[in-house]
Structures are given as structure tokens and as C-alpha cells.
Amino acid sequence: MSNENDMKNLLEQTFKEDPLRTEIAYWKLDDELFTKSILNMSTTAKYSTMEASTILARADSTLRNYFRSEINDYINPEKIGRFFRLDYISIVKLHMIFILMDKPKKTLSDIGYLVGLTGAISNQSYTPPKSREVEDYNYDDLDFAEEISTLKKMITIQSLKSSVFEKQYNLDNSVKKVQLLENEIKHIDSQIDNIKLSRNNQALEKKYYRMLDNSLRNSMAVKNEQKWSLKNIFKGPDNNPIDVDEVMAKAEQTAQEEVSAFKKEFDSQLEEKYSLKKAKEEELAVAREKVEKDQLQLEDMQSRFHSIKEAAGGLGDIGIGYLEMGDED
């Protein structure tokens, strides 16, 4: 649909009974819902996560994390192999989730409860203290069980955070190794081209000079073979003309044989470079497989981190040395 008003009417009708739409209306966030990018979507297209991330102004990795959470059944993306495709309904559902998590500060557990996928809602009356130091907490407001539970959540989140950094470090190193091997292979290809060019140029030059040298030698040999006879002792030797074609043919054959032997030296260098290139290509294939493996491990760890952080109801933002994830919106 090209008309934004038509799209808005369609969305209102489609999500009329949706619990998240009702929640957005309750919080008076309707203006946040109908953005230009949402109203310009196609009702027939299947969007990739990258395309959907552009529409929603979110990192595509953030979208994939929600596909591994407990509310995936609500979002309902279409999975094709390792990839996801989303229609306009799934994208609007993600949009409503982000609105409720950004403004009223709903947690993932809250969203799951609202859409009927989880059985509990977080206690939003609890507000974490502003201080980031553990000793500044007012433990008089918490009973001992709550204290232990909070500390366990903090420790778990910090542990997962460290694991995410470790997986990211491993991935970065794997990517650097792939780039290094690709550059080495390009350098070997350049060396191979230089060897071939040098071989051909030197071979042509050598063949030319050898032909010239051999043709001169053959000419002199033919002249020396002319005999002096008794009948022409006073008139000089027979003036038989030299067969130029025969002389040149012999010279070219001799030069070609010498050039063939000369090329073998370059062929051994080329064989060595080709063997080295093959070894590097095999190493590159292994390195690329490791990049894919490290990427999957990182995405899995990020998904676990975000899920537990959301379930903790904001406790992921407190703790010693805690830093926000770089890809969070």
C-alpha cells in the first residue's frame, strides 16, 4: 500500500485486539507507534533482519536476540535455514515491544506476561539505587533472601558479560586471521604473475639472441665447407649461395631447445609458489569455518546475556565495573 493512511487503518484493524497495542494506548504512546518507516512498509514483502533493523532503527543483532527469547512465538518470524524473514505484522510486533521497553520500561518478562507466554510479571515498584557500589545499598529495605537473590543475579550477569567479551575477542582474532591469510594469498598470486612475466620475457630475449648467434655460426660453417677444386684453382671456390631458410630453421630449433631447459628453472619456482598457495587456501578454509563458529557462539552468548538481564528486571545495570553492551539500543 502506497497510502500511509490506508496502512495506518490496516494496522489499527489488525492489532485491534492485540494486548501490546492496548498497553501502548494505556500509556498514551500512539504517536510512537505509527512512524513513517512503519507506514511505508509493504504488506506483501518478506524482510530480512537487516532490512527490518533499518525500519526499526535497531541493530540487527538485537532483533535476532529476541528471536531466541521466550517471546519468539509472539513475534513469529519465518525461519529459512539459518536466516529469518519477517512480514509487516512481525515487524510491527517488534516495534511495539521496543516502545514498551523504552518508555514504560517494561521487561521481557512483562512482555511475555502481556501476550500470555509467561506466568509472572516483574515487580516494577522496586527501583534500584542510583549508586553503583555494592556497599551503598540500603540492605535494611531488603530481607536476607532478596539480598542473596540480587547478588546471585549480579554475579551471573557479570559472568555472562565476561563471556560475551571473550567470545567477541575470539571472533575478532578469527576475522583478523582470515584477513591476513587472504592478503598472503593475494601476495603469492602477485609473485606467481611476476615469475610468469619474467620467465616469458627472458625466454623471448634468450631465444632471439640464441637464434641470432646460431644463425651466424651456421652461416660460417657452410662457408668453410666449400672446397677448392683443381679446375677452379684460378677462378676461386664455387660460389654456392647459402640456404637462409635452412640456416634459420636449425638456429631456431637449437634456440628452442635451450629456452625449454631455461624455462624449467622458472617452473620449479612456480611449482613452489602454487604449493604454498594451496596450503594457505586450505588454512583459509579452516579459518573461515572458525569465524562462523565463533560468530554463532557470540550470538548465542549475547542472547543468553540479554535474556537474563531482562529477567533480572534492571539489575544488569548495577554492579562493579558494569558497562552497557555496545550493540544495545
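The values are calculated or read from the model by the stated rules, or taken from the named source; none is laboratory data. Small disclaimer: the values here were computed from a predicted structure and weren't measured. Neighbour counts run over all protein chains shown; Cβ positions are idealised from the backbone, glycine included. All accessible areas refer to the heavy atoms of the entire protein, side chains included, with ligands and DNA or RNA removed. Shrake-Rupley method; radii C 1.70, N 1.55, O 1.52, S 1.80 Å.
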### Task
Provide a single number: the residues in the range 275-286 that are loosely packed, with under 12 Cβ neighbours inside 10 Å and either among the acidic types (D, E) or within 18 Å of S198 (Cβ to Cβ) (or both).
1
#### Entry: Cβ pairs under 9 Å, 6+ apart, first in the range 186-201 and open to solvent by less than 50 Å² (accessible area, probe 1.4 Å), second hydroxyl-bearing (S, T, Y)
I188/Y274; I192/Y274
### Matching residues, the range 1-33, being over 17 Å from M96 (Cα atoms) and surrounded by fewer than 16 Cβ atoms within 10 Å (Cβ to Cβ)
S2, N3, E4, N5, D6
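The rows are residues; the columns are (1) touching a strand residue (DSSP E or B) at 6+ places or on another chain (Cβ under 7 Å); (2) farther than 19 Å from I75 by Cα.
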{"site": "N3", "(1), (2)": "no, yes"}
{"site": "E12", "(1), (2)": "no, no"}
{"site": "W27", "(1), (2)": "no, yes"}
{"site": "S37", "(1), (2)": "no, no"}
{"site": "K46", "(1), (2)": "yes, no"}
{"site": "T49", "(1), (2)": "yes, no"}
{"site": "T54", "(1), (2)": "no, no"}
### Message
Just the residues that are at pLDDT 85 or above, over 15 Å from I24 (Cα atoms) and assigned to a loop (DSSP other than H, G, I, E, B), please, taken from the range 106-125.
### Response
G116
### Message
Looking at (1) under 25 Å from D300 (Cβ atoms); (2) modelled with pLDDT under 90; (3) not in a loop (DSSP other than H, G, I, E, B), which one does D31 not meet, given that it meets all the others?
### Response
(1)
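Within the range 61-78, can you find the residues that are closer than 15 Å to L296 by Cβ and within 20 Å of the chain's Cα centre (by Cα)? Give the steps one after another, and end with the answer.
Applying the first criterion (closer than 15 Å to L296 by Cβ) to the range 61-78 yields 61, 64-65, 67-68.
Of everything in the range 61-78, those that are closer than 15 Å to L296 by Cβ and within 20 Å of the chain's Cα centre (by Cα) turn out to be S61, R64, N65.
Quick one: which residue in F15, F34 is of a type in the set (F, W, Y) and under 30 Å from G81 (Cα atoms)? If you could, list the steps in order and put the result at the bottom.
Details: F34 fails: under 30 Å from G81 (Cα atoms).
Just a single option satisfies the conditions, and that option is F15.
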### Query
Hey, K153 hits all of (1) open to solvent by 30 Å² or more (accessible area, probe 1.4 Å); (2) modelled with pLDDT of 90 or more but one; which does it fall short on?
(2)
#### Entry: Residue that is nearest to E310 (Cα to Cα) [pool: residues in the range 66-91 that are assigned to a helix (DSSP H, G or I) and either in contact with a Lys or Arg (Cβ under 9 Å, 6 or more places away or on another chain) or open to solvent by 10 Å² or more (accessible area, probe 1.4 Å) (or both)]
Y66
### Query
Say we look at the range 56-65 and pick out the residues that are touching a residue at least 40 places away in the same chain (Cβ under 8 Å) and among the hydrophobic types (A, V, I, L, M, F, W, C); which of these is surrounded by the most Cβ atoms within 10 Å (Cβ to Cβ)?
L56
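So which residues in the range 34-55 are polar (S, T, N, Q), open to solvent by 60 Å² or more (accessible area, probe 1.4 Å) and assigned to a loop (DSSP other than H, G, I, E, B)? Spell out how you get there, then give the answer.
Of the range 34-55, the ones polar (S, T, N, Q) are 35, 37, 40, 42-44, 48-49, 53-54.
Filter again for open to solvent by 60 Å² or more (accessible area, probe 1.4 Å), leaving 40, 44, 54.
The answer is N40, T44.
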